[in-house]
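In what follows, a single structure is set out as structure tokens and then discussed.
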Amino acid sequence: MSAQRHILVLGGTTEARQLAAELAGDPALRVTTSLAGRVARPRLPAGQVRIGGFGGPEGMARWLREQQVDALIDATHPFAGTISFHAAQAAASVHVPLLALRRAGWVPGPGDRWHQVSTLTDAADALPALGERVFLTTGRMGLATFAHLTAQWFLVRSVDAPEPPMPPRTEILLDRGPFTVEGETELLRRHRIDVLVTKDSGAAATSAKLVAAREAGVPVVVVRRPPVPDGVPEVADPAGAVDWVRALPG
């Protein structure tokens, strides 16, 4: 094993950048963050960065071996899904310790009108009964799921411009959080939004829309998180991940 411990962070989240900054400050560690490359101009973390896929769990396992990775931290978005299972398979096959860094999910409070569903398809099915002017904040990758809805008007917010297929009556808003309650309230008012669709991504940076919806009496369709691999230890914040790294044997 090299003098420095090599830590691979599967990133793309605020927590991943915070974690990389913490770990990169330790001279005993070499930190590499892997980004999927789906955002055109990502915010780059401290330490080394690689961009692009691995080629499935076998490709990730090969990369872990070749780069002599000593520990793997999955700090991807809660809805990244597939990469988390690939990480679990790859880490197990090459016997590299794996930790999942998962921010806490949102919890409904008094006054919230949440309709929790399991998939984007379920969210699309729920919309006709809930409203006609939809604020869609589920990202640009799943717009095809809503493309058949012709009676609804959609305001779609994403970091990068989405591509067809998408609903025929759609306005695109390119923006990146963090957002404020005041700004989200004005957005709901200006566009006469009567239903919000979001994923339970957690984090404070994008939670202002939930407060704005509550105060405006707007129903919210919340897509639940997909399952995470069994047996992978989890922490809820970067500090917990740093403690895990420092506690690794050897």
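See the values below:
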item: The range 146-170: number of residues that are within 21 Å of the chain's Cα centre (by Cα) and within 20 Å of PRO219 (Cα to Cα); result: 4
item: Flag if ILE51 is open to solvent by 20 Å² or more (accessible area, probe 1.4 Å) and free of Cβ contacts under 8 Å to residues at least 24 places away in the same chain; result: yes
item: Residue in the range 178-187 that is under 17 Å from the mean Cα position of the chain (by Cα) and not aromatic (Phe, Trp, Tyr) present; result: yes
item: Scope the range 200-224; condition crowded, with 18+ Cβ neighbours inside 10 Å, more than 16 Å from ARG157 (Cα to Cα) and charged (D, E, K, R); matching residues; result: ARG214
item: Residue list for the range 72-95, filter: buried (at least 20 other Cβ atoms within 10 Å of the Cβ) and more than 13 Å from the chain's Cα centre (by Cα); result: LEU72, ILE73, HIS86, ALA87, ALA88, ALA90, ALA91
item: Residues located in the range 231-250, provided they are more than 20 Å from PRO78 (Cα to Cα) and either part of a strand (DSSP E or B) or without any contact (Cβ under 8 Å) to a residue 40 or more places away in the chain (or both); result: ASP243, ARG246, ALA247, PRO249
item: Filter result (crowded, with 24+ Cβ neighbours inside 10 Å and farther than 11 Å from LEU101 by Cβ) within the range 2-16; result: ILE7, LEU8
item: Pairs where the first residue, in the range 148-160, is assigned to a loop (DSSP other than H, G, I, E, B) and the second is open to solvent by less than 10 Å² (accessible area, probe 1.4 Å), C-beta under 7 Å, 6+ apart; result: LEU149/ALA124; LEU149/LEU127; LEU149/PRO167; GLN152/LEU127; GLN152/VAL134; GLN152/PRO167
item: GLU184 over 13 Å from THR138 (Cα atoms), in a strand (DSSP E or B) and not assigned by the TED database to the domain that holds GLN18; result: no
item: Matching residues in the range 132-152 - criterion: being surrounded by fewer than 19 Cβ atoms within 10 Å (Cβ to Cβ) and within 21 Å of ARG190 (Cβ to Cβ); result: GLU132, ARG133
item: Criterion violated by VAL235 - all others in (1) surrounded by 15 or more Cβ atoms within 10 Å (Cβ to Cβ); (2) in the same structural domain as LEU19 (by the TED database); (3) more than 25 Å from SER118 (Cα to Cα) satisfied; result: (3)
item: Considering residues of the range 181-199 that are open to solvent by 50 Å² or more (accessible area, probe 1.4 Å) and not basic (Lys, Arg) only, the residue nearest to ARG224 (Cα to Cα); result: ASP194
item: Residue tally, condition modelled with pLDDT of 95 or more, of a type in the set (Gly, Ala, Ser) and closer than 22 Å to GLY142 by Cα, over the range 96-129; result: 5
item: Residue match in the range 54-63 (condition: of a type outside the set (D, E, K, R) and outside any helix (DSSP H, G or I)); result: yes
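Rundown of residues vs (1) among the basic types (Lys, Arg); (2) touching a His at 6+ places or on another chain (Cβ under 6 Å); (3) in a strand (DSSP E or B); (4) without any contact (Cβ under 8 Å) to a residue 24 or more places away in the chain, yes/no style:
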{"residue": "VAL107", "(1), (2), (3), (4)": "no, no, no, yes"}
{"residue": "ALA126", "(1), (2), (3), (4)": "no, yes, no, no"}
{"residue": "LEU173", "(1), (2), (3), (4)": "no, no, yes, yes"}
{"residue": "ARG176", "(1), (2), (3), (4)": "yes, no, no, yes"}
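The values are calculated or read from the model by the stated rules, or taken from the named source; none is laboratory data. All figures in this text were calculated on a predicted structure; none of them were measured in a lab. Please note: Cβ atoms are built from the backbone with ideal geometry, for glycine as well, and neighbour counts cover all protein chains shown. Quick note on the areas: whole protein, heavy atoms, side chains included, nothing else; ligands and nucleic acids left out. Shrake-Rupley method; radii C 1.70, N 1.55, O 1.52, S 1.80 Å.
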